[in-house]
Amino acid sequence: MPGMVVFGRRWGIASDDLVFPGAFELFIRVIWWICTLVLYTNHKGRFDCPGGSLLHTYLVVLLVLLAAIISSLIAIVYVSAQGTITNSGPRRAIPALLCLRVLLCFPELIWACLGAIWVSDDSQGCREAEIAAVIGAVIASWVILFFTTIGVVVVFDPLGGTRSRAEASFEPVMRDLESSGSRQLLHTARSLAVRVWECRLRLLCCCLPQDDSNRAAFSSLAQLFSGFFSDTDLVPSDIAAGLTLLHQEQDKNERTRDPDEVMTHSPSSPIREDLQTELEGATHFMQFAFAAYGWPLYVYSKPLTGACKLARECCRRRASEFDPIEGDHLGCHFTSVLQSTGLQYRDFIHISFHNQVYEIPFYVALDHKKEAVLVAVRGTLSLKDALTDLSAECEDLPVEGVTGTCYAHKGITQAAKYIYKKLINDGILTQAISVAPEYQLVITGHSLGAGAAAVLAILLRSMYPTLRCYAFSPPGGLLSKALADYTKQFVVSVVLGKDLVPRLSIPNMEHLKGRILKMVSNCNKPKYQILLRGCWYEVFGGKPEDFPTELEGCRDDQLTQPLLGEHRLQQRSLSDQSLASEESPSHVTHLPLFLPGRIIHITEEGPSHRSCLSQPSYRAQWSSETTFCSILISPRMITHHMPDLVLCALRSLTQDLPVPLCPSPYSNSHLNVV
């Protein structure tokens, strides 16, 4: 860090990122050189085949060329391992060494071509070992050159040239914000960044139709991503190192935290009864949110028997005067829903597996066990769903009777409005209520489906004031504070452990970015040591590393070269805001968004690192939305989001009764745990 400047442009790799790839290539080259030397030594003076003289010359030059490449790799690895992430001074020779290494590729390429020509024209009569050695050398050269080319393409930064010019003009901009030339250059760089991100998204989602809704989503996401990464010069390995340091720092703070004191309460406490009742309801309705994913998650959760159970029914056409299934041509999704929920075919009012950007699958069914008209919304399972997730701007969502600013996640709000129109305009909900008028309306979903379910509950509550909503692992950046408080009356959210998604919002990501910048700026260890120690810690556990910092006993402004100092970010932010104020007078910073409803937080008890075969034990507690205002780094931040694990944790809590009542870390009396 920052991105390395070579050949007049900036690349998506830092000068301290060459330790591992350089060491790997060095290992291959040394083995190759030793094998070639052994072949040459054993056959020296006995190259008596017709092309023997050419073979002798080829091996000698190959040995010299490999020795030169090995020497350059040793220098690159050694120099790249020097300094720290932000102190790139000891690595100033890396660009020159890389130029030397690139120059050595040309004679290697030429020699590989000559070797191929010798094998095809002059190898008759030579020993098989000699021919095989030359063929191996030619193949090895081409393979290494091929992967080197792939690596160059991967680390190529399309904005490298523009970013370097913008960086060069950054100080003049700060001295004179009225400089029209500098402002024009930054505006051009920003526009180019948006176009590059839009091209990347189109390439990533090339299988999606390029209709108006998709193009609008691509444009919105491109602006979001370009703005998020515009004020930093991070390469991927810097982010990995920062996350590693942050994870160990969080674990260290967690271990030094005072353990909760056990508080005794009467088993008849209404607090405990309320939490236990909601846990039982959540466990029941989670199976419907799980079933909404269709056959992929069903087969994933039952890898040995799931496919066989579905195969018998998938292609069988079910006879009925009314076919509620939309977008499920083979019937596999519906069959898995039947298997997961235990409902009968006649219990389903409508099923839709139609999927587009801002249009997500859902189904409506009658749950006779809980006497509920159930609307279950599917979570993220496609690129189209991911585009809906990432459309994270705020959209107004006015609600009558709610004071304060009302806004919500744009993509999820659009998805909820799509389901709302289907339910109301197509008469689906009216039909369901007419079948069972005494049943209560319950809306549920997981992940994206949980967010859409919560917004849908807001939209429907004026018509169905007794409705309930169970949102499992909902996105963190969902509702404004006024709407989040309003939903506490009818929404219950369930979050497992250190799940990333309920903590995921643009303000939280900005906060995480700032923490990563501070961690990597303060650490005085080389990046390769941080990554090696981090990999060991993630796999085998142990004591969190207590890395000393360059800023111990110092102030931030005493850094010699604050490449990522906070004041630099503030300065650049000021210039960006100045530009934004002229370009868009209505420009505002990203507004805070929160989880919906009352929140049940389920946490694992026991050590942070445990055996894969050991069964975890869980505890549940009422929590506050402020608990999820920062992202926790953990190997389980993704697995804790999986719906099968959430369902398993809920079943564990409701089956293992009685459970002890313990206090919450909050002082409020209503935040108790079971």
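Considering every residue within the stretch 460-467, establish whether at least one is open to solvent by 10 Å² or more (accessible area, probe 1.4 Å) and more than 22 Å from residue 398 (Cβ to Cβ).
Of the residues in the stretch 460-467, the ones open to solvent by 10 Å² or more (accessible area, probe 1.4 Å) are 461-466.
With more than 22 Å from residue 398 (Cβ to Cβ) added as a condition, the list becomes 466.
Yes, the stretch 460-467 contains a residue that is open to solvent by 10 Å² or more (accessible area, probe 1.4 Å) and more than 22 Å from residue 398 (Cβ to Cβ).
Looking only at the stretch 274-309, filter to residues that are over 16 Å from residue 648 (Cβ atoms) and of a type in the set (Val, Ile, Thr); which one of those is least open to solvent (accessible area, probe 1.4 Å)?
Once the filter is applied, the top-ranked residue is 299.
Looking for something of a type in the set (Asp, Glu), over 31 Å from the mean Cα position of the chain (by Cα) and over 30 Å from residue 507 (Cβ atoms) - is there at least one such residue anywhere in the stretch 380-400? If you could, list the steps in order and put the result at the bottom.
Filtering the stretch 380-400 for residues of a type in the set (Asp, Glu) gives 385, 389, 393, 395-396, 400.
Of the ones still in play, those that are also over 31 Å from the mean Cα position of the chain (by Cα) are 400.
Still in the running and over 30 Å from residue 507 (Cβ atoms): none.
There is no residue in the stretch 380-400 that is of a type in the set (Asp, Glu), over 31 Å from the mean Cα position of the chain (by Cα) and over 30 Å from residue 507 (Cβ atoms).
How about the stretch 352-469: which strands (runs of 3 or more DSSP E) wholly inside it have at least 2 residues that are within 19 Å of residue 281 (Cβ to Cβ)?
Values: elements: 362-367, 372-377, 394-396, 407-409, 440-446.
Of the strands (runs of 3 or more DSSP E) lying wholly inside the stretch 352-469, those with at least 2 residues that are within 19 Å of residue 281 (Cβ to Cβ) span 362-367, 372-377, 440-446.
Would you check if there is a residue in the stretch 70-85 being modelled with pLDDT under 90, closer than 15 Å to residue 137 by Cβ and of a type outside the set (A, V, I, L, M, F, W, C)?
There is no residue in the stretch 70-85 that is modelled with pLDDT under 90, closer than 15 Å to residue 137 by Cβ and of a type outside the set (A, V, I, L, M, F, W, C).
Taking only the stretch 83-101 into account, find how many residues are open to solvent by less than 60 Å² (accessible area, probe 1.4 Å) and closer than 26 Å to residue 144 by Cα.
Number of matching residues: 8.
Can you tell me which of (1) in contact with a Gly (Cβ under 7 Å, 6 or more places away or on another chain); (2) surrounded by 16 or more Cβ atoms within 10 Å (Cβ to Cβ); (3) at negative phi; (4) in contact (Cβ under 8 Å) with a residue 60 or more places away in the chain is the one residue 77 doesn't meet?
Looking at each condition in turn, residue 77 falls short on (4).
So residue 543 clears everything in (1) open to solvent by 40 Å² or more (accessible area, probe 1.4 Å); (2) of a type in the set (Lys, Arg); (3) more than 20 Å from residue 451 (Cβ to Cβ); (4) under 19 Å from the mean Cα position of the chain (by Cα) except one condition, right? Which one?
Looking at each condition in turn, residue 543 falls short on (4).
Cβ-Cβ distance below 8 Å, separation of 6 or more or different chains: which pairs start in the stretch 480-503 with a residue that is within 11 Å of residue 594 (Cβ to Cβ) and end on one that is β-branched (Val, Ile, Thr) and part of a strand (DSSP E or B)?
Taking only residues 6 or more apart or on different chains, the pairs are 493/599; 493/600; 502/495.
Does residue 28 count as closer than 30 Å to residue 532 by Cβ, at pLDDT below 95 and not in a helix (DSSP H, G or I)? Walk me through it before giving the result.
Working: closer than 30 Å to residue 532 by Cβ: yes; at pLDDT below 95: yes; not in a helix (DSSP H, G or I): no.
It is false that residue 28 is closer than 30 Å to residue 532 by Cβ, at pLDDT below 95 and not in a helix (DSSP H, G or I).
How many of the residues in the stretch 605-631 are hydrophobic (A, V, I, L, M, F, W, C), modelled with pLDDT of 65 or more and either farther than 25 Å from residue 504 by Cβ or open to solvent by less than 50 Å² (accessible area, probe 1.4 Å) (or both)?
Within the stretch 605-631, the first condition is being hydrophobic (A, V, I, L, M, F, W, C), and the residues that meet it are 612-613, 620, 622, 628-629, 631.
Then keep just the ones that are modelled with pLDDT of 65 or more; that gives 620, 622, 628-629, 631.
From what is left, the residues that are either farther than 25 Å from residue 504 by Cβ or open to solvent by less than 50 Å² (accessible area, probe 1.4 Å) (or both) are 620, 622, 628, 631.
So the count comes out to 4.
With the structure loaded, tell me whether residue 421 is open to solvent by 30 Å² or more (accessible area, probe 1.4 Å), in contact (Cβ under 8 Å) with a residue 24 or more places away in the chain and not aromatic (Phe, Trp, Tyr) or whether it fails that test. Show your work before the answer.
Working: open to solvent by 30 Å² or more (accessible area, probe 1.4 Å): yes; in contact (Cβ under 8 Å) with a residue 24 or more places away in the chain: no; not aromatic (Phe, Trp, Tyr): yes.
No.
Looking at (1) open to solvent by less than 20 Å² (accessible area, probe 1.4 Å); (2) closer than 23 Å to residue 152 by Cα, which is the only condition residue 52 fails?
With respect to (1) open to solvent by less than 20 Å² (accessible area, probe 1.4 Å); (2) closer than 23 Å to residue 152 by Cα, residue 52 is out only on (2).
Filter the stretch 628-656 down to the residues that are in a loop (DSSP other than H, G, I, E, B), touching a residue at least 60 places away in the same chain (Cβ under 8 Å) and not hydroxyl-bearing (Ser, Thr, Tyr) and list them by number.
Of everything in the stretch 628-656, those that are in a loop (DSSP other than H, G, I, E, B), touching a residue at least 60 places away in the same chain (Cβ under 8 Å) and not hydroxyl-bearing (Ser, Thr, Tyr) turn out to be 629, 631, 632, 633, 635, 636, 637, 638.
So for the stretch 9-19 (the condition being in a loop (DSSP other than H, G, I, E, B) and aromatic (Phe, Trp, Tyr)), does at least one residue qualify? Step through it out loud before you land on a result.
Taking the stretch 9-19 as the starting set, the residues that turn out to be in a loop (DSSP other than H, G, I, E, B) are 11-18.
Then keep just the ones that are aromatic (Phe, Trp, Tyr); that gives 11.
Yes.
Of the residues that make up the stretch 401-416, is at least one free of Cβ contacts under 8 Å to residues at least 40 places away in the same chain, under 24 Å from residue 346 (Cα atoms) and not β-branched (Val, Ile, Thr)?
No, the stretch 401-416 contains no residue that is free of Cβ contacts under 8 Å to residues at least 40 places away in the same chain, under 24 Å from residue 346 (Cα atoms) and not β-branched (Val, Ile, Thr).
Hey, residue 567 hits all of (1) of a type outside the set (D, E, K, R); (2) within 26 Å of residue 522 (Cα to Cα); (3) modelled with pLDDT of 85 or more; (4) open to solvent by 50 Å² or more (accessible area, probe 1.4 Å) but one; which does it fall short on?
The single condition residue 567 does not satisfy is (3).
The values are calculated or read from the model by the stated rules, or taken from the named source; none is laboratory data. For clarity, every value in this text was computed on a predicted model and none was experimentally measured. Virtual Cβ from ideal backbone geometry, glycine too; neighbours counted across all protein chains shown. What goes into the accessible areas is simple: the full protein's heavy atoms, side chains included, and nothing from ligands, DNA or RNA. Shrake-Rupley method; radii C 1.70, N 1.55, O 1.52, S 1.80 Å.
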